[in-house]
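Student: Dumping the structure here so I can ask a few things about it.
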Amino acid sequence: MDDSTRRRQQRRNQPSSSTSSTAPTRFRSQKFSTNPTKTTQSSNFVPRSNTTTGTTRDSTRNPAHIPNWKSEANTATNKHEEETEAREDVGSIIGTCPFMCPEGERAQRERLRDLAVFERLSGDPRKTSPALAVKKFCRTISLKYVQSSDVRPLAVLEDTLNYLLNLLDSSEHPFEVIHDFIFDRTRSIRQDLSMQNIVNERAIHMYEKMVKFHVVSHQRLRSCSSSSISSLQYLNLEQLTKTLTSLYIMYEASHDNNSVYENEAQFRSFYVLLHLDSKNQQTESLSLWFRRVPSTIMKAKEMCFARQVLRLHRMGNYKRFLYTVSSEASYLQYCIIEPYVNEVRALAISYINNCCYKVHPYPLEQLSKLLMMKELDVESLCHSCGLETLTDNGENKSLPMKQTTFSFPKGSLQSYKLIGLQQ
């Protein structure tokens, strides 16, 4: 066999370049055509979204396990389980602190000189006593680290609340100072009640007392002259709403055989009266709220009064509004209504100024009877609205009509007495 024949035979036996390249290509395609999710099963891989929504305790311990995505039903179930566990954790706490303030907190606040004027022993900002110190409200608190010795039982909380409310009669300090102290310490009382999951008649009575404190403060803060009074009023109203919400939940949880509590109708009416604020009217939410109120409460005179006052206020019927408030409002109800009484009076003056004849000034004596206030107060209110008054030769004062300088007073109006108020 010559050399040329031998070379041709070797070329026939040698695999072609296309064949040699196909085999490894086919191998790579088989390797990468498998399910990509299987390649993620490394020991270090955990999907980011699953770490927050889809992992369970077992799967967290096993990093090679990839859990399935949660459905909405599973999410709702787990959320319910978490809430149940949270309630069980809260219910497992039973306070054992025998003092108004735990010993550890009392000692720490002495070192830090963090004592309110009511807690200082002989005026010393570094010393206090168990009879003076009251536990402060803690904004951030973890139930995992709460000790029973730091939580006050129900009997101690009742005594603490009575001690705080007695300070309202103190004349040694301005009311805003007293309010600031009681404001914080009552929040701490509600916090201890919540951590122990206490829902009974005694707790409801305590919540009613705390609501009364915020309602009375709603009125008394308006007469204070502190520069920070507006923020105090806002915070007080905010806590009043929150305390009422908690009280209503306790009412609903404690109802038995369609029975209601003695003062429930009055405390329910507060929520309706808070809607007198024209800046924060929530008609739809109030309508939904009415559906959850027991029928016996809806028919009670306190609730009927609150609904009628709200309706008259929105209609602008100032005459019936003032008469209804003066004849039927309780003391606590009037504490909420009072700021809006002067708003209605200013609205009435605007009606009279625009509608009456210009050639016939309106006598202030008659206007005082209509607005149920003293004549001097009527004159002061007219001036606050930018209107002028006249005095004739007989010393009779009157309000000229069609004045173009009328404007609703900015800020809070002076508090004028409502003549005929029955409380």
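Student: Look at Tyr251 and say whether it is in contact with a helix residue (DSSP H, G or I) (Cβ under 7 Å, 6 or more places away or on another chain), open to solvent by less than 10 Å² (accessible area, probe 1.4 Å) and in a helix (DSSP H, G or I).
Tutor: For Tyr251, the condition - in contact with a helix residue (DSSP H, G or I) (Cβ under 7 Å, 6 or more places away or on another chain), open to solvent by less than 10 Å² (accessible area, probe 1.4 Å) and in a helix (DSSP H, G or I) - is met.
Student: Something else about it: If Ser231 meets every condition in (1) free of Cβ contacts under 8 Å to residues at least 12 places away in the same chain; (2) of a type in the set (S, T, N, Q); (3) touching a helix residue (DSSP H, G or I) at 6+ places or on another chain (Cβ under 7 Å) apart from one, which number is that one?
Tutor: So the condition that Ser231 fails would be (3).
Student: Can I ask one more? Among the residues of segment 284-316, what is the count of those that are among the polar types (S, T, N, Q) and at pLDDT 95 or above?
Tutor: Within segment 284-316, residues that are among the polar types (S, T, N, Q) and at pLDDT 95 or above number 1.
Student: Would you call Cys356 modelled with pLDDT under 95, touching a strand residue (DSSP E or B) at 6+ places or on another chain (Cβ under 9 Å) and surrounded by 14 or more Cβ atoms within 10 Å (Cβ to Cβ)?
Tutor: yes
Student: Identify all residues within segment 397-411 that are assigned to a loop (DSSP other than H, G, I, E, B) and either acidic (Asp, Glu) or surrounded by 15 or more Cβ atoms within 10 Å (Cβ to Cβ) (or both); write none if there are none.
Tutor: Within segment 397-411, Pro400, Met401, Gln403, Phe406, Pro409 meet the criteria.
Student: Can you tell me how many residues in segment 381-393 are open to solvent by less than 50 Å² (accessible area, probe 1.4 Å), in a loop (DSSP other than H, G, I, E, B) and either among the small types (Gly, Ala, Ser) or over 16 Å from Tyr357 (Cα atoms) (or both)?
Tutor: Residues flagged as open to solvent by less than 50 Å² (accessible area, probe 1.4 Å), in a loop (DSSP other than H, G, I, E, B) and either among the small types (Gly, Ala, Ser) or over 16 Å from Tyr357 (Cα atoms) (or both) within segment 381-393 amount to 2.
Student: Which of the following residues is more than 30 Å from the chain's Cα centre (by Cα) and either under 19 Å from Leu276 (Cα atoms) or open to solvent by 40 Å² or more (accessible area, probe 1.4 Å) (or both): Pro361, Pro339?
Tutor: Numbers: Pro339 fails: more than 30 Å from the chain's Cα centre (by Cα).
Going through Pro361, Pro339 in turn, the sole match is Pro361.
Each row is one residue, and each column tells you yes or no for (1) modelled with pLDDT of 95 or more; (2) touching a strand residue (DSSP E or B) at 6+ places or on another chain (Cβ under 6 Å); (3) more than 19 Å from Ile94 (Cβ to Cβ).
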{"site": "Lys127", "(1), (2), (3)": "yes, yes, yes"}
{"site": "Lys144", "(1), (2), (3)": "no, no, no"}
{"site": "Gln147", "(1), (2), (3)": "no, no, no"}
{"site": "Arg152", "(1), (2), (3)": "yes, no, no"}
{"site": "Leu167", "(1), (2), (3)": "yes, no, yes"}
{"site": "Pro174", "(1), (2), (3)": "no, no, yes"}
{"site": "His179", "(1), (2), (3)": "yes, no, yes"}
{"site": "Phe183", "(1), (2), (3)": "yes, no, yes"}
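Student: Is it true that Val378 is touching a Leu at 6+ places or on another chain (Cβ under 8 Å), touching a residue at least 24 places away in the same chain (Cβ under 8 Å) and in a helix (DSSP H, G or I)? Talk me through it step by step, then tell me what you get.
Tutor: Working: touching a Leu at 6+ places or on another chain (Cβ under 8 Å): yes; touching a residue at least 24 places away in the same chain (Cβ under 8 Å): no; in a helix (DSSP H, G or I): yes.
No: the conditions fail for Val378.
The values are calculated or read from the model by the stated rules, or taken from the named source; none is laboratory data. Computed from a predicted model, the values in this text were never measured in an experiment. Cβ: placed from backbone, ideal geometry, glycine included. Neighbour counts: every protein chain shown. Accessible surface is based on the protein model in full, side chains and every heavy atom, while ligands, DNA and RNA are left aside. Shrake-Rupley method; radii C 1.70, N 1.55, O 1.52, S 1.80 Å.
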